[in-house]
Amino acid sequence: MAEALAPEEAVAERVPCSSPEHAPDLILRLTGSGAGRLLLVGHVDTVVPHRQHRPLTEEGERLAGSGTVDMKGGVVLALGVLRALVQRTSEFAEAALLLVCDEEWRTAPFAHVQRFERFDACLCFEAGQLTENGEDAVVVKRKAAGTLRVRAHGRHAHSGSAPDRGINALLALAQAAQLVAGHHAPDGEDRLTAVPTVMRSGEAFNVVPAEGELVCDLRADDHRAFESVRAGIPPELGGARMETEMLRVWPGMDARDATAGLLARTGEALGRRVVAAGRGGASDASHFAASIAVTVDGLGPRGGGAHAPHEHVLRDSLRSRAEVAAATVHAWLTTSS
């Protein structure tokens with residue numbers, strides 16, 4: 001579908017996804033005659049299983065459906081930006097739109113950082129937002145994100161006739177969950193959040209569970225803060241052997257200084273202020289920010305209910321956020337060409 005909406009002038013390339021057994025990612029490229037290289041970023045996957053996926057429906061001022069705000073609405077705006085860039089090829093050397101298929105589920109290293117590390121600016125189209133005063137905001141600061149998995153190895157036993165002969169993995173994981181939660185300090189130096197989210201253990205109602213796993217979501221300004229959480233799980237709890245593993249560590253992002261001038265010029269082009277903001281959620285923009293200093297995220301439409309059944313985009317925000325995206329690109333083109 002994305003290729004069908006792409007401008008005819010764009011060259012499409014299917015490249016391997018970072019995650020095994022996923023559909024290939026898509027790169028759409030425009031070649032220009034000017035200077036500067038611009039990367040647009042989005043993802044087409046959602047957290048909603050296919051059997052629960054809701055198609056797009058109109059509900060008053062809302063366009064509701066799975067993945068609408070995270071981030072199919074943003075993908076639509078990114079494609080619009082790419083189409084508009086066809087008229088300005090003399091002002092850039094290259095513009096590329098990268099659409100990945102695994103942003104929500106990826107635990108493998110991100111495969112595309114090196115490919116685009118020499119680009120001059122990166123614009124990511126995750127959901128947009130407003131300030132408390134109703135001003136348009138974009139995201140230039142994000143926390144690092146980590147996924148911690150804890151495995152418990154106990155011993156089976158009949159839960160009725162010989163419960164004390166077993167070693168209960170579920171109880172060990174419950175202790176581990178409390179230890180993880182004890183590191184939760186959103187107002188601390190690293191603004192660390194440590195949240196147990198999934199626990200699995202046991203195979204039968206009348207058997208002491210010998211195996212199980214706990215998954216926890218970690219966020220912090222500095223990803224190095226995750227190590228204290230992992231190290232806080234001892235090698236043994238309640239007789240069960242404990243194993244810890246970081247399934248995913250995504251870097252943080254702080255592009256406030258590098259983007260200040262761009263956002264000021266964006267506001268001038270737009271005729272209203274565009275505010276630099278932060279967000280706790282992870283994004284592919286964070287992977288690029290380490291090598292592409294001018295990285296701006298949150299250029300998509302506004303909405304709510306991300307990852308939930310009531311996910312939606314606000315219809316009126318499509319126009320206003322398209323204006324923000326267009327002004328951002330204009331501000332970058334006029335200084336890079």
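Checking every residue in the range 197-218 against the condition of being within 13 Å of MET242 (Cβ to Cβ), charged (D, E, K, R) and assigned to a strand (DSSP E or B) gives at least one match. ALA240 fulfils the conditions (1) free of Cβ contacts under 8 Å to residues at least 12 places away in the same chain; (2) over 23 Å from the mean Cα position of the chain (by Cα) except for a single criterion, (1). For the range 318-333, the condition holds for no residue, the condition being that it is in contact (Cβ under 8 Å) with a residue 24 or more places away in the chain, out of contact with any Gly (no Cβ under 9 Å at 6 or more places or on another chain) and part of a loop (DSSP other than H, G, I, E, B).
Within the set ARG62, ARG106, the sole residue that is farther than 29 Å from MET246 by Cβ, of a type outside the set (A, V, I, L, M, F, W, C) and in contact (Cβ under 8 Å) with a residue 40 or more places away in the chain turns out to be ARG62. For ARG51, state whether it is in contact (Cβ under 8 Å) with a residue 12 or more places away in the chain, of a type in the set (Lys, Arg) and either within 23 Å of LEU28 (Cα to Cα) or in the same structural domain as SER283 (by TED's automatic domain parsing) (or both). Criteria not met by ARG51. Scan the range 153-202 for residues that are over 29 Å from the mean Cα position of the chain (by Cα) and within 19 Å of GLY232 (Cβ to Cβ) and the total you get is 5.
Yes/no per residue for (1) assigned to a strand (DSSP E or B); (2) surrounded by fewer than 16 Cβ atoms within 10 Å (Cβ to Cβ); (3) β-branched (Val, Ile, Thr):
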residue: LEU263; (1), (2), (3): no, no, no
residue: THR266; (1), (2), (3): no, no, yes
residue: ARG272; (1), (2), (3): no, yes, no
residue: ALA276; (1), (2), (3): yes, no, no
residue: ALA282; (1), (2), (3): no, no, no
residue: PHE288; (1), (2), (3): no, no, no
residue: SER291; (1), (2), (3): no, yes, no
residue: VAL296; (1), (2), (3): yes, no, yes
residue: PRO301; (1), (2), (3): no, no, no
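Has the range 136-152 got any residue that is modelled with pLDDT of 95 or more, surrounded by fewer than 16 Cβ atoms within 10 Å (Cβ to Cβ) and either within 29 Å of VAL229 (Cα to Cα) or not assigned by TED's automatic domain parsing to the domain that holds GLY238 (or both)? No; the residues of the range 136-152 include none that is modelled with pLDDT of 95 or more, surrounded by fewer than 16 Cβ atoms within 10 Å (Cβ to Cβ) and either within 29 Å of VAL229 (Cα to Cα) or not assigned by TED's automatic domain parsing to the domain that holds GLY238 (or both).
Of all the listed residues (ASP45, ASP102, ASP70), the sole one being under 30 Å from LEU314 (Cβ atoms), under 21 Å from the mean Cα position of the chain (by Cα) and surrounded by fewer than 22 Cβ atoms within 10 Å (Cβ to Cβ) is ASP45.
Residues in the range 192-217 that are within 19 Å of GLN175 (Cβ to Cβ), among the aliphatic types (A, V, I, L, M) and crowded, with 18+ Cβ neighbours inside 10 Å: ALA194, VAL208, ALA210, LEU214.
Pairing each residue of the range 197-224 that is outside the structural domain of SER283 (by TED's automatic domain parsing) with any residue that is aromatic (Phe, Trp, Tyr) and not in a strand (DSSP E or B), provided the two are 6+ apart or on different chains, yields C-beta distances under 8 Å for LEU218/PHE226; ALA220/PHE226.
The values are calculated or read from the model by the stated rules, or taken from the named source; none is laboratory data. None of these values were measured; they are calculated from a predicted model. Don't worry about glycine lacking a Cβ; one is built from the backbone with ideal geometry, like all the others, and counts go over all protein chains shown.
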